[in-house]
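Participant: A single structure is presented below for examination.
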Amino acid sequence: MKLFWRLFLSYALVTVLTVVALLLLTEVFASSFIRQHVEQMVQVMGPAGRSLQVDLTQGMRTTLTGALLIAAPVALLVAFFAASVASGRVVRAVRQLSEGSRAVANGEYRSRLPEQGQDELTDLARNFNRMAASLAAVEASRTELINTVAHELRTPITALRGYAEGLSDGVLPQETAARGVLRESQAMERLVGDLSLVSRVEAGAVPLQVQGVTVQALLSAVEERFALLAVNRKIRLDLRPAPRLAVHTDPERAAQVLANLVGNALKYTPAGGQVQVWAERLDRHVCVHVQDNGPGLSEEDQGRIFERFYRVDPSRSRMAGGSGVGLTVARGLARAMGGDVKVHSLLGQGSTFSLTLPHNPASSA
Ligand code: ADP
């Protein structure tokens, strides 16, 4: 049954019950009250009053019953209007909500409800709109992700096809084709691995083993890993010791973030450049800075490099083995550990990437 009719019937039921109660009261109390008084009056008036007794009693009863019978339909009419006024807003809001949710269920995430008024129904409409907006955002990022992944896979797939065609046409030496296939399949493997990591980081599903770690231990791990690469790339890698600082973090993940920042600095800084790494305490955090004198980043690029797959120079990044999600993962991991990764840069003058992690006073000297 429609909500309006339910509300109307409940109003009407209350009205009918009231009328019946009044009729009963009239019948039981009013009748005996009148009869009593008429009898007293007849006793005072004597025989002359006898003829009036029947008329008076019946007249009174007819008047009361008639009045109630007229009042009942009027009350029902009033109940109908009261139901339409009181339930109108509720019914309208419920109908809009029903249409809105049907639209959202059909994938129309732009559907919104009017937010007029200050009552609970307006709250409901506001929450519905918020839900539709976040569904729209999720859908947009899902579509964007699918498009980007398709785009990212197209490059190695095209290359693989080229090698296969070259081999079957006999124009490409077997060894060259095999090396090419290996390189492209490694690129695809890396992409799939990075994608899975980035989605786990974004879902907060990367398990962390947080403990007290000295910053020096993190710096030493970086030095061990990148010293040779820096020499090969003719870049001076300068790591300033930080003997007194300690952080509260997952050592493996923190080293992974730092390795990403130092790896990028070495990757994008031209030969003859310099990369400096140093740490400082900032209130309740420790900040590890990775500064290079490479190409630097424009304001716009600084705002976008943490997005998935964003690369300032896609071909250069791809050549260097980058998949464009390193900084997304780095920032996601840092945030999951209670820190962050930020960038300060001037185009043409180099960049400074800073990893902040919670300070661990217990382990600091
Ligand atoms: P990639 O795998 O491409 O290196 P990242 O997410 O690590 O992906 O970096 C995103 C982009 O940010 C890079 O493609 C590069 O254009 C830019 N970038 C990162 N680090 C630096 C840096 N130190 N100097 C200049 N550009 C950088």
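The values are calculated or read from the model by the stated rules, or taken from the named source; none is laboratory data. Please read these numbers as outputs of a predicted model, since none were measured by experiment. Counting neighbours? That spans all protein chains shown, and the Cβs are built from the backbone with ideal geometry, glycine included.
Participant: Has the stretch 129-137 got at least one residue that is farther than 30 Å from Phe309 by Cβ and either surrounded by 11 or more Cβ atoms within 10 Å (Cβ to Cβ) or touching a residue at least 60 places away in the same chain (Cβ under 8 Å) (or both)?
Facilitator: yes
Participant: Looking at (1) more than 15 Å from the ligand (Cβ to nearest atom); (2) closer than 22 Å to Gly348 by Cβ, which one does Gln302 not meet, given that it meets all the others?
Facilitator: (1)
Participant: Given the criteria charged (D, E, K, R), in a helix (DSSP H, G or I) and exposed (fewer than 11 other Cβ atoms within 10 Å of the Cβ), does Glu152 qualify?
Facilitator: No.
Participant: Additional query: Test Ser98 against the criterion of being surrounded by 15 or more Cβ atoms within 10 Å (Cβ to Cβ) and either touching a strand residue (DSSP E or B) at 6+ places or on another chain (Cβ under 8 Å) or farther than 30 Å from Ala30 by Cα (or both), and give yes or no.
Facilitator: So Ser98 fails the test.
Participant: Just one of Gln276, Gln302, Gln291 is under 30 Å from the mean Cα position of the chain (by Cα), modelled with pLDDT of 95 or more and not assigned by TED's automatic domain parsing to the domain that holds His151; which is it?
Facilitator: Gln302
Participant: Same structure again: Which numbered condition in (1) over 27 Å from Pro207 (Cα atoms); (2) touching a Leu at 6+ places or on another chain (Cβ under 6 Å); (3) assigned to a helix (DSSP H, G or I) is the only one that Val275 fails?
Facilitator: All conditions pass for Val275, except number (3).
Participant: Any idea which residue in the stretch 305-352 is farthest from the ligand (Cβ to nearest atom), counting only those that are among the β-branched types (Val, Ile, Thr), under 25 Å from the mean Cα position of the chain (by Cα) and modelled with pLDDT of 90 or more?
Facilitator: Val341
Participant: Follow-up question, since we're still on this one. Inspect all residues belonging to the stretch 240-259 and state whether any of them is over 27 Å from Pro361 (Cβ atoms), in a loop (DSSP other than H, G, I, E, B), assigned by TED's automatic domain parsing to the domain that holds Phe306 and not charged (D, E, K, R).
Facilitator: Scanning the stretch 240-259, I find no residue that is over 27 Å from Pro361 (Cβ atoms), in a loop (DSSP other than H, G, I, E, B), assigned by TED's automatic domain parsing to the domain that holds Phe306 and not charged (D, E, K, R), so the answer is no.
Participant: Of all residues in the stretch 328-354, which are within 18 Å of Ala203 (Cβ to Cβ) and either part of a strand (DSSP E or B) or not hydroxyl-bearing (Ser, Thr, Tyr) (or both)?
Facilitator: Val329, Ala330, Arg331, Gly332, Leu333, Ala334, Arg335, Ala336, Met337, Gly338
Participant: Now, a different point. If a residue must be more than 9 Å from the ligand (Cβ to nearest atom), buried (at least 19 other Cβ atoms within 10 Å of the Cβ) and either under 18 Å from Leu327 (Cα atoms) or aromatic (Phe, Trp, Tyr) (or both), how many such residues does the stretch 263-290 contain?
Facilitator: Final tally of qualifying residues: 3.
Participant: As an exercise: evaluate Asn232 against (1) over 40 Å from the mean Cα position of the chain (by Cα); (2) at positive phi and give the number of the one condition it does not meet.
Facilitator: (2)
Participant: Return the residue satisfying two criteria in turn: it lies in the stretch 34-68 and is closer than 16 Å to Leu23 by Cα and among the hydrophobic types (A, V, I, L, M, F, W, C), and of such residues it is surrounded by the fewest Cβ atoms within 10 Å (Cβ to Cβ).
Facilitator: Filtering first and then ranking leaves Ala67.
Participant: Next question, about the same structure. Pick out the one residue from Val90, Val85, Val28, Val42 that is closer than 30 Å to Ala137 by Cα and part of a helix (DSSP H, G or I).
Facilitator: Val90
Participant: I would also like to ask the following. Do the conditions hold for Arg281, that is, is it charged (D, E, K, R), assigned to a helix (DSSP H, G or I) and not assigned by TED's automatic domain parsing to the domain that holds Glu152?
Facilitator: No.
Participant: Ala103 passes all but one of (1) in contact with a helix residue (DSSP H, G or I) (Cβ under 8 Å, 6 or more places away or on another chain); (2) surrounded by 14 or more Cβ atoms within 10 Å (Cβ to Cβ); which number fails?
Facilitator: (1)
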